[in-house]
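Structure, as structure tokens:
The values are calculated or read from the model by the stated rules, or taken from the named source; none is laboratory data. All of these numbers come straight from a predicted model, not from anything done at the bench. Glycine gets a Cβ as well: all are built from the backbone with ideal geometry, and neighbour counts include every protein chain shown.
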Amino acid sequence: MKKTLWFVFLLFALLVAACGGGTATQPAAGENPAPTGENPTPTLEVSAEPIVLHVGWLGFPDTLNPAYAFLTESYTMFDFVYSTLTTQNPQGEYVGLLAEERSVSEDGLTWTYKLRQGIKWHNGEDLTSEQVAWNINAFIQNQDGWVTNSGYITGFVEARAVDASTVEIKLEYPISNMDYRVSFLYIVYPPDFESFATPEDLQNFTNFSPVGSGPFKITTLDKDQRIIILETNADYFGGRAKIDQVIYQTFDNSDALVQALKVGDIDMTNEVPDSAFAAVQTFENVETISRQGLSLTELIINSAPADHDPAPTRNPALEDPQVRLAIASAINKQDLVDVVLQGNGKPGVNIIPPVMGGGFWYNSNIQDVAFNLDEGNRILEEAGYVKGADGIRAKGEVRLELRLQYPSDSSTYPRVADMIANWLSEIGVKATPEAVDPDSLVVATNPNADYDLVIWGWGADPDPDFMLSVMTSEQYVEGGWSDSGYSNSEYDQLYLDQQQVIDRVERQKIVWKMQELLFRDKPYIILYYGNDLEAYRSDKFTNFLDSPLGIASFQSLMQVEPVK
Amino acid sequence: MSRRDLLIRKLLLSLVTMFVVVAINFVLFRILPGDPVRAVIGRNVKISAEVQQSLREQFGLDKPVFPDQFFSTLGQWARGNLGVSWSLRKPVAEILVAKLWNTLLLIGLGQILSIFLGVVLGLFAGWKRKTALDVGALTFSLIAWATPTFWLGIILLAAGSSWLGLPTRGIVSPENVGKPLYTVIPDLMAHLFLPTLTLSILYLGEYMLIMRSSILEVLSEDYILTAKAKGMSHWQVLWKHALKNAMLPIVTIVALNLGFTVSGAIYIETVFSYDGLGKLFQTALTKQDYPLLQGAFLLLAVSVILANMLADILYTYLDPRVKAS
């Protein structure tokens with residue numbers, strides 16, 4: 001019995017310690033992040049209490065090495081720690097960041113960047129034009145190593161430091177979206193990256209204590225606890241942020257993240273789940289933001305060319321433009337937004353989201369096909385598809401029976417698929433929803449072309465180039481980005497043209513024309529654009545920058561301040 | 001057979017099992033659909049086909065699965081090298097060890113609590129059969145056993161953070177990151193409390209039910225009657241004669257659970273953003289990170305086999321008949 005008593009005592013002690021410890025370690029962000037007497041932090045005795053912003057998110061950077069980074073979380077950190085030659089402003093336009101001025105030669109083959117004065121690395125050293133040139137040249141010469149940069153430097157020949165504050169980049173051909181491209185080329189501290197002998201060595205470098213030139217420095221990165229502590233860079237060339245520290249904490253499930261916001265464990269998050277947004281809006285002292293973003297969800301229609309290898313496996317009726325039109329007219333996109341996104345989005349039309357570049361690239365002349373089941377029935381009737389006894393239309397041997405697949409890792413697509421299948425059944429099309437493992441679905445769409453309809457989504461880049469490239473026939477190869485298999489030589493040519501037109505308005509015309517072609521041929525039916533859902537504790541912080549860049553962007557955190 | 005011979009035989013058998021598991025896992029991951037390179041780089045990154053191919057070569061994926069990939073993996077393992085994770089770019093062994101400690105801490109505490117409470121509760125319930133205590137314990141155990149892990153975790157998280165001010169994630173608070181765990185014990189306790197409680201409640205039911213039925217069976221044996229006839233007190237009967245025999249099924253089930261909770265803690269780890277092995281397995285699978293997957297499943301296999309061996313050895317102490325056979 002002695003042992004039993006001992007155990008009971010231990011259990012009790014654990015309970016007491018747990019509850020006691022819990023209250024003692026409640027971080028009241030914005031007031032006093034320092035622990036109580038048990039863990040005194042000496043620096044706090046001399047300076048004022050630091051202002052700490054606690055951010056909750058659902059991921060964690062796989063690496064902080066820009067050569068081999070694939071997760072958005074890594075890029076969030078790059079934006080804080082590193083600087084680029086250009087960046088986007090809140091209005092969606094490109095402006096210089098490291099570069100004070102930038103210009104392009106007549107022939108479009110030479111870009112000249114004049115750097116700002118007095119830019120310093122986090123370690124106090126000066127950032128030089130030679131170092132910038134070293135970066136660009138490393139990306140160009142070692143593409144097997146700098147994997148993630150390789151897509152942004154195609155067409156680059158070399159970089160050169162003309163003088164102490166000027167860098168020149170030579171190109172093979174004119175590049176229209178140069179500003180956007182260089183905005184992803186994070187300028188790293190060369191001594192950290194010079195010594196790697198092989199591409200593999202370079203990629204294995206996780207760079208978890210990066211030296212950069214950005215507005216925040218990483219002081220602690222714990223990959224096991226998944227906590228990142230950033231400190232304000234007082235010497236930042238763009239001025240000093242009004243907060244002292246930013247702490248990122250990873251949550252593995254969104255319910256816990258929302259709960260943490262509710263009880264004040266975190267001060268902000270830009271990953272509020274659709275399903276919880278309405279609840280978060282009712283939280284005390286929490287402000288919510290629902291803003292149009294760059295994500296889109298589409299219905300992919302198998303458009304692979306008949307001579308594709310392997311031969312497409314699909315319902316042949318999908319090759320008929322009238323069938324596509326009928327499908328489009330049978331989808332109530334507003335309903336999808338209301339039900340699936342709980343109103344936090346917009347019905348989709350084009351592959352270019354409306355907010356890209358402040359709306360500049362989105363073809364607003366295109367009028368979407370209206371939701372009209374009668375019209376859908378009429379189109380199919382006229383095209384010769386007759387309803388059978390079971391309510392399913394057929395033309396000769398071809399019955400309108402389709403597979404409607406979606407990646408199994410999505411929580412929203414099952415609902416989307418059900419709703420679409422219901423509408424389609426009203427026009428005599430039988431669509432059978434089916435969840436498929438995402439990797440299998442990649443292979444089914446490209447290169448196998450073995451599907452009918454697939455629901456999937458994209459997160460668009462700030463520049464139209466990438467989304468447009470997805471529809472080129474060049475991308476319909478194994479490892480390429482095309483999943484529809486759309487192939488149109490006119491479109492392909494326009495794609496190449498828009499890459500090399502320097503004049504923005506000229507380029508816009510081509511981009512708009514490409515959207516017309518896609519709308520006409522319908523390899524995709526764009527279902528909706530989802531909103532970015534963000535929330536913050538309004539009792540603790542204020543003055544977030546509410547722009548398409550998001551409240552967690554470095555521009556926003558530069559101006560956030562505690563509530564007085 | 002002596003205990004030593006038995007041990008050696010078990011060990012050899014375990015090695016054979018391990019090899020079979022390794023071989024099956026090797027094949028299993030490779031027949032999964034999809035391309036690891038694509039899984040690692042994700043869907044939205046613009047990487048040319050040539051660069052993807054060079055990654056494929058770097059990972060050794062350009063070579064045939066059998067014999068090249070199989071034997072190079074085996075050779076690597078024979079040298080004690082589990083390889084480098086493709087997605088995390090760190091030695092697999094290093095990753096596994098870091099996460100293993102966290103998981104062991106959680107599982108260890110949770111299992112100790114649930115074994116202790118389950119055994120005590122089951123013992124009393126069986127002993128005081130058909131009393132209010134028995135019915136109460138039985139009802140609680142059945143409900144606890146049937147409760148979905150994820151749901152219980154979320155409910156406890158919401159209640160604990162709102163009413164007790166307990167933390168919502170992780171193992172320690174941000175300001176304690178990087179400090180040795182023993183220096184921040186109160187904070188650690190606060191973080192461990194809810195996940196441990198969840199785990200304990202879930203396993204408690206199972207242990208209690210098994211202990212109860214086991215003790216009931218033992219109590220009906222003749223030697224218990226003999227013991228009572230000798231004039232021993234209730235406690236002596238229960239402690240000296242009943243408990244040891246009734247523990248046998250518990251040892252089996254604990255051993256089995258220990259092996260599987262290493263992976264089974266995944267739900268709890270996910271709810272409480274607790275960085276352990278469960279979460280790692282999930283990442284490895286979604287990224288099709290073969291070296292990490294193989295390493296993780298090797299660890300899993302080893303832990304199940306070890307736990308079984310442990311049970312076998314414990315049996316030789318608890319039940320002399322095992323040794324004799």
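Quickly run through region B:158-193 and pick out the residues that are over 29 Å from A:Phe208 (Cβ atoms) and either part of a helix (DSSP H, G or I) or among the β-branched types (Val, Ile, Thr) (or both).
The answer is B:Ala158, B:Ala159, B:Gly160, B:Ser161, B:Ser162, B:Trp163, B:Phe193.
Which residues, counting only those in region A:85-112, are of a type in the set (S, T, N, Q), part of a strand (DSSP E or B) and closer than 23 Å to A:Gly293 by Cα?
A:Thr86, A:Thr87, A:Gln88
Out of B:Trp145, B:Trp127, report the one residue that is at pLDDT below 90, more than 7 Å from chain A (Cβ to nearest Cβ) and over 26 Å from B:Ser273 (Cβ atoms).
Going through B:Trp145, B:Trp127 in turn, the sole match is B:Trp127.
Please go through region A:186-216 and give me each residue that is among the aliphatic types (A, V, I, L, M), crowded, with 17+ Cβ neighbours inside 10 Å and more than 13 Å from chain B (Cβ to nearest Cβ), ordered by number.
Answer for region A:186-216, where residues must be among the aliphatic types (A, V, I, L, M), crowded, with 17+ Cβ neighbours inside 10 Å and more than 13 Å from chain B (Cβ to nearest Cβ): A:Ile187, A:Val188, A:Val211.
If you scan region A:309-332, which residues turn out to be in a helix (DSSP H, G or I) and under 25 Å from A:Ala444 (Cβ atoms)?
Once the filter is applied, which keeps residues that are in a helix (DSSP H, G or I) and under 25 Å from A:Ala444 (Cβ atoms), region A:309-332 yields A:Pro316, A:Ala317, A:Leu318, A:Glu319, A:Pro321, A:Val323, A:Arg324, A:Leu325, A:Ala326, A:Ile327, A:Ala328.
For B:Ile313, all conditions in the list (1) touching a Pro at 6+ places or on another chain (Cβ under 7 Å); (2) farther than 30 Å from A:Ser440 by Cβ; (3) away from chain A (no Cβ under 13 Å) hold save one; what is the number of the exception?
(1)
Which residue, of A:Val263, A:Val337, A:Val272, A:Val258, is more than 14 Å from every other protein chain (Cβ to nearest Cβ) and under 23 Å from B:Gly153 (Cβ atoms)?
Of the residues listed, the single one that is more than 14 Å from every other protein chain (Cβ to nearest Cβ) and under 23 Å from B:Gly153 (Cβ atoms) is A:Val272.
Give region A:220-229 a look and list any residue that's in a strand (DSSP E or B) and either touching a residue at least 24 places away in the same chain (Cβ under 8 Å) or hydrophobic (A, V, I, L, M, F, W, C) (or both), or say none.
Within region A:220-229, A:Leu221, A:Ile227, A:Ile228, A:Ile229 qualify.
Conditions first: (1) under 25 Å from B:Leu258 (Cβ atoms); (2) surrounded by fewer than 21 Cβ atoms within 10 Å (Cβ to Cβ); (3) more than 22 Å from the chain's Cα centre (by Cα). B:Gly126 passes all but one, so which condition is the exception?
(2)
I'd like to check something: does region B:219-238 contain any residue that is part of a loop (DSSP other than H, G, I, E, B), touching an Asp or Glu at 6+ places or on another chain (Cβ under 6 Å) and not hydrophobic (A, V, I, L, M, F, W, C)?
Within region B:219-238, none of the residues are part of a loop (DSSP other than H, G, I, E, B), touching an Asp or Glu at 6+ places or on another chain (Cβ under 6 Å) and not hydrophobic (A, V, I, L, M, F, W, C).
Each row is one residue, and each column tells you yes or no for (1) within 14 Å of chain B (Cβ to nearest Cβ); (2) within 25 Å of A:Thr250 (Cα to Cα); (3) surrounded by 14 or more Cβ atoms within 10 Å (Cβ to Cβ).
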| position | (1), (2), (3) |
| --- | --- |
| A:Pro50 | yes, yes, yes |
| A:Trp57 | yes, yes, yes |
| A:Glu73 | yes, yes, yes |
| A:Asp79 | no, yes, yes |
| A:Thr84 | no, no, yes |
| A:Thr87 | no, no, yes |
| A:Leu98 | no, no, yes |
| A:Gln117 | no, no, no |
| A:Thr128 | no, no, yes |
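Wholly within region B:1-90, which helices (runs of 4 or more DSSP H) include no fewer than the required count, namely at least 3 residues that are at pLDDT 80 or above and of a type in the set (Ser, Thr, Tyr)?
Helices (runs of 4 or more DSSP H) meeting the threshold: none at all.
Sort out which residues of region A:230-255 are part of a loop (DSSP other than H, G, I, E, B) and either more than 9 Å from chain B (Cβ to nearest Cβ) or modelled with pLDDT of 95 or more (or both), and write them in order of number.
A:Asn233, A:Ala234, A:Asp235, A:Tyr236, A:Phe237, A:Gly238, A:Gly239, A:Arg240, A:Ala241, A:Lys242, A:Ile243, A:Asp244
Among the residues of region A:476-503, write down those that are of a type outside the set (A, V, I, L, M) and free of Cβ contacts under 8 Å to residues at least 12 places away in the same chain.
Within region A:476-503, A:Gly479, A:Gln493, A:Asp503 meet the criteria.
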